[in-house]
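Peer 1: Sharing a structure with you now.
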Amino acid sequence: MIKRIFLLGTAVLLAAGCATDPALPAEQFRVHRVFGDHMVLQAGCDLRISGQAEPGRRVEVRLQPETGGEPATAMAVADERGNWEAVLPPREPSFTPHRLTVHGAPTVPPLEFRDLLIGEVWLCSGQSNMEFGLRGAEGGEKAIADAEQDRGRIRLLNLNSRKVLAPEGPRSEIEDVHWTECTPETVKNFSAVAYFFGHELARRLDRPIGLIHSSWGGSRIEAWISRDQLLRDGVETELLIQAQATGLTPAQEQALEQLRTQCDETYHRWWQQLFRAHAAETAAAATWKNPDFDDHAWETAPVPGTLPGHLDGAVWYRRTVELPPEWAGSDLQLALGRIDDCDETYFNGEKLGGAMPDHPAPWAVNRRYRVPARLVRPGRNVIAVRVVDLNGAGGFFARPEELYLARGDQKLPLAGADWRRHTEFALGRDEPGRPPLAGDLVKSLRDPNFPSTLFNGMLHPLTVLDLAGVIWYQGESNVGARSCYPERTASLLRDWRRRWRNPELPFIFTQLAGYDSRASDDPASPVYWRKLPPEESDWAEFRDLQTSCLKLPGTGMAVTYDLGNCTDIHPRNKRTVGERLAAEAARVAYGDDRISSGPAPEKVTVQGDRVRIRFARVGSGLVARGDQPGGFALAGADGKWVWAQAVIDGDEVVVRTPEVPQPVAVRYAWSSYPGTADLYNREGFPALPFQAQARNAR
């Protein structure tokens, strides 16, 4: 059941059949652009249809099946700002196409929208794993080919086809974005997670499903929360930054400048310290930029391409180019496209430029450097690029045609395998550590992580619609600032439930998948992960914080650490993610009592040299994908964690290791990439990652 709180002051509403309305019919009127042909209207709640007209003028809204029948009607009078909202009575889900018409004065043609279905409307939002398109997903091509079968039951609204930043304040309309039927053409660039979620939900409910996709890769949660909510929560730094959009007082100007200076200095010290730890290797590489350096012993490497072995650290690339005599003494342009994360680029031994870690977003910079004429020689010339990667996959990420050396209209292509490569240094598993995060919120107005800017541009125009719920796949960009994430999630949820006038709006989110970019050897093998000692993990701690968000009412969570890719932050198995989100949505939003998530620890006790864990949500029983469940670790009073053996005993798991004769705590799947964790219920849902203190058995 979807509940509503209607706010006063938006419009004067008159149901058909009420007392005579003195307002004149509108001669100029429109409907918000989020309404349109092929849309899905939310079933089971009052249907709000809204738009604008001359202040004080009346419109009438009618909804009826296209096959005929008595229409449902409502009237509304525009308020002093010209806003009107008509409320139609609730409708049952229906695959029958409906027609919506809005009437004003008899002399003005009505607005008409066709092929509307009545069903379940879900907002699908977050960052890049939600944005990830269907055609790039595992099984995506087949899903695209089969999407025609969903034409009559799934409808799509893809705001990512036209992204909008709005730091200046909330937008009231979306531009050039329209509802579409689900077809192979419309779904191929749609969110893979959202589509698989909708496909599974339609199968479970046998109702029309409307999917609204609005996400932004790399975005932090603060960008999706309104300024009003940040004000309510007293989030001081965000508000100081937000004030840039509307003007700063002299005191705020001074405070902001002090904050910027402090952040710049702190961050600069952090990355300088990082490089000082590898000063010897850097000194040894000092001559690698020079044109006379002999690089024949280096390996050949394709460009564009990623760093070897998903290495984090510093790697040099060199390429010799032969230039015609007429190029000598001419200014040239060197184009290298995007380099992840950082670079220092040289031509014949002289530095042309670069974007190092003190740049706000070096991975997003399109590298184009001017080569001064005095450096350009006839014949042999040498390009040298020092690539520095601090996290994730690094290297050259441009399209081949974006790499070239140019003289006017003449271009010399640089893509290919004619480059040589050698590693200056590789970062250890504990490097670079967490960067100082104070500067993370000091964003420019055009940065997508500017507080509230994505809410303003990508969500606020949608608040005139009724929703069944939200699925949310976000968090990777907030891992470093993990301590405040539950508070930010609670803030976002309060904000969205107020904006959509639904205090029980279901919110189903995705826990972070497994990811550890420093994997080597055979990372797909559990044997590899058992070789690594248990260690602290930002990602594991963040997953634990996400689990704590389940305390918020009306929430559900899809666990996905088993679907991750240790070397790719964007795992391609989006079907299972969508299906797990749909299972939780069915439970939270529709009262489905089937098992929708994995085993969760209920009681943890110590029995001598072992720990016994009793699980809830075991469904029809606990199972391990291997001989016995892996991924468990124990610690004694010294706090040192050791991998342990585990045995399933009914609805419990018994964990022990001779190396910890007196255990006091247990962990499961507590690593960035839990490569050995394989405990499930028989329904196929993975056990919840956790850490817990153990109590003595009584």
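Peer 1: Pairs only if they're at least six apart or on different chains, beta carbon under 6 angstrom, first in region 632-649 and open to solvent by 20 Å² or more (accessible area, probe 1.4 Å), second of a type in the set (Gly, Ala, Ser); list them, first residue then second.
Peer 2: Filtered contacts from region 632-649: Trp641/Ala633; Trp641/Ala635; Trp643/Ala633.
Results for (1) surrounded by fewer than 17 Cβ atoms within 10 Å (Cβ to Cβ); (2) assigned to a loop (DSSP other than H, G, I, E, B), shown as yes or no for each residue.
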{"site": "Glu322", "(1), (2)": "yes, no"}
{"site": "Arg338", "(1), (2)": "no, no"}
{"site": "Glu344", "(1), (2)": "no, no"}
{"site": "Pro357", "(1), (2)": "no, yes"}
{"site": "Trp363", "(1), (2)": "no, no"}
{"site": "Tyr369", "(1), (2)": "no, no"}
{"site": "Arg377", "(1), (2)": "yes, yes"}
{"site": "Asn381", "(1), (2)": "no, no"}
{"site": "Arg386", "(1), (2)": "no, no"}
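Peer 1: Let me ask another. Could we say that Leu117 is in contact with a Phe, Trp or Tyr (Cβ under 9 Å, 6 or more places away or on another chain), under 17 Å from Val193 (Cβ atoms) and in a strand (DSSP E or B) here?
Peer 2: In short, no.
Yes or no, residue by residue, for (1) in contact (Cβ under 8 Å) with a residue 60 or more places away in the chain; (2) touching a helix residue (DSSP H, G or I) at 6+ places or on another chain (Cβ under 9 Å); (3) among the aromatic types (Phe, Trp, Tyr):
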site	(1), (2), (3)
Ser50	yes, yes, no
Val61	no, no, no
Ala72	no, no, no
Glu141	no, yes, no
Arg153	no, yes, no
Leu157	yes, yes, no
Asn160	no, yes, no
Val164	yes, yes, no
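Peer 1: So which residues in region 279-303 are more than 21 Å from Arg374 (Cα to Cα) and buried (at least 20 other Cβ atoms within 10 Å of the Cβ)?
Peer 2: Hits for region 279-303 are Ala301, Val303.
Peer 1: Continuing with the same structure: Being touching a Ser or Thr at 6+ places or on another chain (Cβ under 6 Å), of a type outside the set (Val, Ile, Thr) and open to solvent by 20 Å² or more (accessible area, probe 1.4 Å), is that true of even one residue in region 651-671?
Peer 2: Yes, the conditions are met somewhere in region 651-671.
Peer 1: Read through the list (1) crowded, with 16+ Cβ neighbours inside 10 Å; (2) modelled with pLDDT under 80; (3) out of contact with any Leu (no Cβ under 8 Å at 6 or more places or on another chain), then give the number of the only condition that Pro432 fails.
Peer 2: Evaluating Pro432 over (1) crowded, with 16+ Cβ neighbours inside 10 Å; (2) modelled with pLDDT under 80; (3) out of contact with any Leu (no Cβ under 8 Å at 6 or more places or on another chain) leaves (3) as the failure.
Peer 1: I'd like the full set of residues that are assigned to a loop (DSSP other than H, G, I, E, B) and without any contact (Cβ under 8 Å) to a residue 60 or more places away in the chain, limited to region 650-677.
Peer 2: Of region 650-677, the ones assigned to a loop (DSSP other than H, G, I, E, B) are 650-651, 657-664, 669-676.
Gly650, Asp651, Thr657, Pro658, Glu659, Val660, Pro661, Gln662, Pro663, Val664, listed by residue number.
Peer 1: Tell me, which residue of region 541-573 that is in contact with a strand residue (DSSP E or B) (Cβ under 8 Å, 6 or more places away or on another chain) and assigned to a helix (DSSP H, G or I) is surrounded by the fewest Cβ atoms within 10 Å (Cβ to Cβ)? Talk me through it step by step, then tell me what you get.
Peer 2: If we filter region 541-573 for residues that are in contact with a strand residue (DSSP E or B) (Cβ under 8 Å, 6 or more places away or on another chain), which is where we start, we get 544, 546-547, 549-550, 552, 554-562, 571-572.
Checking the rest, the ones that are also assigned to a helix (DSSP H, G or I) come to 544, 546-547, 549-550, 561-562.
On the way: Asp544: 18, Gln546: 22, Thr547: 17, Cys549: 20, Leu550: 15, Tyr561: 25, Asp562: 23.
By that ranking, first place goes to Leu550.
Peer 1: Out of all the residues in region 330-365, which are over 21 Å from Trp316 (Cβ atoms) and within 38 Å of the chain's Cα centre (by Cα)?
Peer 2: Those that are over 21 Å from Trp316 (Cβ atoms) and within 38 Å of the chain's Cα centre (by Cα): Gln333, Pro360, Ala361, Ala364.
Peer 1: Okay, next question. If Val164 satisfies every condition in (1) modelled with pLDDT of 90 or more; (2) within 19 Å of Leu465 (Cα to Cα) but one, which is the exception?
Peer 2: (1)
Peer 1: I would also like to ask the following. Given the structure, is Tyr680 among the hydroxyl-bearing types (Ser, Thr, Tyr) and assigned to a strand (DSSP E or B)?
Peer 2: It is true that Tyr680 is among the hydroxyl-bearing types (Ser, Thr, Tyr) and assigned to a strand (DSSP E or B).
Peer 1: Within the group Ala398, Ala406, which residue is open to solvent by less than 20 Å² (accessible area, probe 1.4 Å) and not in a loop (DSSP other than H, G, I, E, B)?
Peer 2: Answer to the check: Ala406.
Peer 1: Taking the residues in region 683-698 that are in a loop (DSSP other than H, G, I, E, B) and modelled with pLDDT of 95 or more as candidates, determine which candidate is surrounded by the fewest Cβ atoms within 10 Å (Cβ to Cβ).
Peer 2: Gly684
Peer 1: Right, next: List, please: which pairs have Cβ atoms under 9 Å, are six or more places apart or on different chains, and start with a residue in region 361-376 that is in contact (Cβ under 8 Å) with a residue 24 or more places away in the chain and end with one that is assigned to a strand (DSSP E or B) and aromatic (Phe, Trp, Tyr)?
Peer 2: Short answer, once both residue conditions are applied: Tyr369/Phe347; Val371/Phe347; Pro372/Phe347; Leu375/Phe347; Val376/Phe347.
Peer 1: Kindly provide the set of residues from region 116-140 that are open to solvent by 10 Å² or more (accessible area, probe 1.4 Å), touching a Lys or Arg at 6+ places or on another chain (Cβ under 7 Å) and of a type in the set (Asp, Glu), ordered by number.
Peer 2: Once the filter is applied, which keeps residues that are open to solvent by 10 Å² or more (accessible area, probe 1.4 Å), touching a Lys or Arg at 6+ places or on another chain (Cβ under 7 Å) and of a type in the set (Asp, Glu), region 116-140 yields only Glu138.
Peer 1: Keeping to region 304-317, report how many residues are open to solvent by 30 Å² or more (accessible area, probe 1.4 Å) and either more than 20 Å from Gly354 (Cβ to Cβ) or touching a helix residue (DSSP H, G or I) at 6+ places or on another chain (Cβ under 8 Å) (or both).
Peer 2: Matching residues across region 304-317 total 4.
Peer 1: In this structure, does Leu414 turn out to be closer than 30 Å to Ser672 by Cβ and surrounded by 15 or more Cβ atoms within 10 Å (Cβ to Cβ)?
Peer 2: Judged against the criteria, Leu414 is not a match.
Peer 1: Now for a different question. Test of understanding: among Ser483, Ser525, Ser520, which residue is modelled with pLDDT under 85, open to solvent by 20 Å² or more (accessible area, probe 1.4 Å) and in contact with a helix residue (DSSP H, G or I) (Cβ under 6 Å, 6 or more places away or on another chain)?
Peer 2: The match here is Ser520.
Peer 1: Sticking with this one: If Pro65 passes every condition in (1) surrounded by fewer than 17 Cβ atoms within 10 Å (Cβ to Cβ); (2) in contact (Cβ under 8 Å) with a residue 12 or more places away in the chain; (3) closer than 30 Å to Gly218 by Cβ but one, which one does it miss?
Peer 2: Here Pro65 meets the rest and fails (3).
The values are calculated or read from the model by the stated rules, or taken from the named source; none is laboratory data. What you see is a predicted model, and the numbers here were worked out from it, not measured in a lab. Every residue, glycine among them, receives a Cβ derived from its backbone with ideal geometry; neighbour counts consider all protein chains shown. All accessible areas refer to the heavy atoms of the entire protein, side chains included, with ligands and DNA or RNA removed. Shrake-Rupley method; radii C 1.70, N 1.55, O 1.52, S 1.80 Å.
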